[in-house]
Amino acid sequence: MDKLTYLGNGDVNAIDDLYQQYLKNPESVDIQWARFFEGVDFVKTDFSSGGIPENFQKEFKVINLINAYRSRGHLFTKTNPVRERRTYTPDLSIENFGLEQADMQTVFQAGNEVGIGPATLTEIIDHLKETYCQSIGIEYVYMREPDRIQWFKEKIELKNRPKFTADDKKRIFSKLNNATVFEQFLHKNM
């Protein structure tokens, strides 16, 4: 006797009666049977005939684009002021993800994935470029701990980055400069 023998031992007529009862009123059957029949209805759904709306499919394409920025955005940073970075292929252009220029003004729920809420594709890409392709690049998706990955995503993708005034920047620069001079002093005298 194997672990699935019970499936063949059920009374087909009783299960069919429960299903008919479920179709009339889903709350009239036990919650476990209701969940089972929801699964049966889902399996019967034919998605190949365009049952999924086009925008729904494009949402997944935008999520693929977001994940590509997370995993490859550091390759397109502007870290060298002297010369351009070498060209990597495929690049992060939307055509590589099945999206078109006509989609740039379409609002996608995938903006929630990067913490900006529903946003146009243009806004999502601008946010991703600002996060992953500026003068500081970050590569973190190779990590194995989901908690750490989530921490990095929350810290760098949300628009909660500090905004420094010119005086704040000068003060920070002065502190960094003092630390460098002190470090050089320690190297010479140790």
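The values are calculated or read from the model by the stated rules, or taken from the named source; none is laboratory data. The structure displayed is predicted, hence computed values, not measured ones. Using ideal geometry, Cβ is built from the backbone for each residue, glycine included, and neighbour counts are taken over all protein chains shown.
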Name the single residue, out of those in region 100-127 being within 22 Å of Lys153 (Cβ to Cβ) and in a loop (DSSP other than H, G, I, E, B), that is nearest to the chain's Cα centre (by Cα). Gly115
Expected single match for at pLDDT 70 or above, touching a strand residue (DSSP E or B) at 6+ places or on another chain (Cβ under 9 Å), of a type in the set (S, T, N, Q) and not in a loop (DSSP other than H, G, I, E, B) among Asn13, Asn55, Asn64 is Asn55
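Quick check, is Arg86 at pLDDT below 80 and either under 21 Å from Leu128 (Cβ atoms) or among the basic types (Lys, Arg) (or both)?
Against the criterion (at pLDDT below 80 and either under 21 Å from Leu128 (Cβ atoms) or among the basic types (Lys, Arg) (or both)), Arg86 qualifies.
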